[in-house]
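This report concerns only the one structure given below.
The values are calculated or read from the model by the stated rules, or taken from the named source; none is laboratory data. Worth saying up front: this structure is predicted, and the values here are computed from it rather than measured. In case anyone asks, the SASA skips ligands and DNA or RNA and just uses the protein heavy atoms, side chains included. Shrake-Rupley method; radii C 1.70, N 1.55, O 1.52, S 1.80 Å.
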Amino acid sequence: MFFFGAYDDLAFLFFLIQLVESDKARNSNREALTALRKIARTSQSSVPMLNEEGTHFINEDSNITCKTCGSHDGSEPLWILGAGGDFFVSLPFHETHMKLEDEQTQLNLTVNKLQSKVKEKTLSLSEKGALADKIGPSILKSLVTLKDNR
């Protein structure tokens, strides 16, 4: 492989490493949410309720309950590993799953942005001829420009 420019090569590797790490975190977060849903006996299709500001809440004055907590006691304490992994914290069930759902949303956005950047850098390297010996430019361009319609 020829040397085409330190910036493009390093940026590509940087975005790729970030993508792998963010995807690992997203998968771990998804596993934690699944475990909480199993405890509460609810499904992934349960949607958290939002107030006008877009933040999560449970209205204690009415009979409305959180769709993720279901009939499970939302005040039940759970022990979770704190940031950095050096300590454990006891948080209520409801607060725990709401934090995880918010984090999952952020991780999904981060992974999508990083995937776009990796595609962009791959296309850039391809146009410079760095991948010409492995994949034809027209095939690579069609792969990079694919859209996920989820």
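Quick look at the values:
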quantity: Using θ = phi - 60° and Karplus 6.51 cos²θ - 1.76 cosθ + 1.60, couplings along segment 12-24 (whole Hz; Gly, Pro as x); calculated: 4, 5, 4, 5, 5, 5, 4, 4, 5, 5, 5, 5, 4
quantity: Amide proton proximity set for residue 78, modelled H, under 5 Å, gap of 5+; calculated: 91, 93
quantity: Portion, in percent, of the accessible area of segment 83-132 that falls on carbon or sulfur, probe 1.4 Å; calculated: 55 percent
quantity: Vicinal HN-Hα couplings computed from phi for segment 108-113 (Karplus, 6.51 cos²θ - 1.76 cosθ + 1.60; Hz; Gly/Pro x); calculated: 4, 5, 4, 5, 4, 5
